[in-house]
Structure formats: structure tokens, C-alpha cells
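Before any comments, here is the structure.
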Amino acid sequence: QIQLVESGGDLVKPGGPLRPSCVGRGIDLSDRTVDWYRRAPGKRRQLLASIRSGGKTTYVDSVKDRFTISRDNAKNTVFLQMNNLKPEDQDTYLCHAIYNWQDHWGQGTQVTVSS
């Protein structure tokens, strides 16, 4: 069974950092593109960042100066380092990967930005 499991969401004050992670179970994340999305209630998912198997990264313009996606292949984990968080970053953060031409999503991890 393929699973993507996110963790690391938390309550953080504006301006603070957070680093959610996405662990692959039954899937090798090192040889495929992994994406981080976020989704607010009632809104569509927004692609934030992607990391390819070779390490190339891409970002949406709104986060590229504050967020960094990385991977630890030994731990089969992809991270999203988020700095200088703003109230509008408050969302559920999800990771995504394609395996055998099928989309796989994690359950999400909640990030709350509030003073």
C-alpha cells in the first residue's frame, strides 16, 4: 500500500519558521518528483514547490523567497522549510507524488499562523 505521511504542522507565530515533512511508505520518493501543496477550507489546492529526482527544485512565486523544498533519500523523506510565516500561510499542507501513473496524496498537516 502506497502512503504519503505528512507531519510537522504546528501553531507558529507570524515571522516564525516551520519544517513539515513527508515520508513515503511503500514508495521510493528518491526516484520521482514530489510536490508540496496547500489547501485552505473551501479552496482549491495550490502547488507550492516541487523537487525532482535529480534535485532540481521549482517554486510558485509567492513563496520562493521564503520556502525551501529538500529531500533526505536515506530517510525517504521530503521537507518543506518555511520561513517568515505569515497569517495567510495558514493552511493544510499536503505532499503529492505519482506512482504507476496514479496520484498519491498524504492526509495533510495543519499549519496555523497566529500570535
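Structure data summary
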{"quantity": "Stretchable slack from S114 to R19, in nm (0.36 nm times residue separation minus alpha-carbon distance)", "calculated": "32.6 nm"}
{"quantity": "At R0 = 22 Å, FRET efficiency that the Cβ-Cβ distance of N84 and L11 yields, to 0.05", "calculated": "0.85"}
{"quantity": "Solvent exposure, largest accessible area first (probe 1.4 Å, DNA, RNA and ligands not counted), of L18, L29", "calculated": "L18, L29"}
{"quantity": "Carbon + sulfur, % of accessible area of the chain - ligands and nucleic acids excluded, 1.4 Å", "calculated": "44 percent"}
{"quantity": "By accessible area with a 1.4 Å probe, ligands and nucleic acids excluded, highest first: order of W101, W36", "calculated": "W101, W36"}
{"quantity": "Potential lengthening between W101 and S62 on full extension [0.36 nm per residue; Cα-Cα distance subtracted]", "calculated": "11.2 nm"}
{"quantity": "Lysine-lysine proximity count for the stretch 25-102, Cα under 22 Å, sequence distance 8 or more or distinct chains", "calculated": "5"}
{"quantity": "Area accessible to solvent at R25, 1.4 Å probe radius, in Å²", "calculated": "120 Å²"}
{"quantity": "The chain - accessible surface per residue (Å², probe 1.4 Å)", "calculated": "56 Å²"}
{"quantity": "Net charge of Cβ neighbours under 9 Å - reference Q46; Lys, Arg +1; Asp, Glu -1", "calculated": "+4"}
{"quantity": "Charge tally in the Cβ shell below 9 Å around H96, where Lys, Arg are +1 and Asp, Glu are -1, H96 excluded", "calculated": "-1"}
{"quantity": "Scattering curve values for the stretch 1-106, log₁₀ I(q)/I(0), Debye with Cα scatterers, q = 0.13, 0.18, 0.21 Å⁻¹", "calculated": "-0.43, -0.83, -1.13"}
{"quantity": "Per-residue SASA entry for E88, accessible area with 1.4 Å probe, Å² rounded to 10", "calculated": "120 Å²"}
{"quantity": "Solvent accessible area, Å² - T68, 1.4 Å probe, full protein context", "calculated": "70 Å²"}
{"quantity": "Residue-wise HN-Hα coupling along the stretch 104-114, computed from phi with Karplus coefficients 6.51, -1.76, 1.60 (Hz; x: Gly, Pro)", "calculated": "10, 10, x, 7, x, 10, 8, 10, 10, 10, 7"}
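The values are calculated or read from the model by the stated rules, or taken from the named source; none is laboratory data. Just so it is clear, the structure is predicted and the values come from calculations on it, not from any experiment. Using ideal geometry, Cβ is built from the backbone for each residue, glycine included, and neighbour counts are taken over all protein chains shown. Remember, those area values only see protein heavy atoms, side chains included, never the ligands or the DNA or RNA. Shrake-Rupley method; radii C 1.70, N 1.55, O 1.52, S 1.80 Å.
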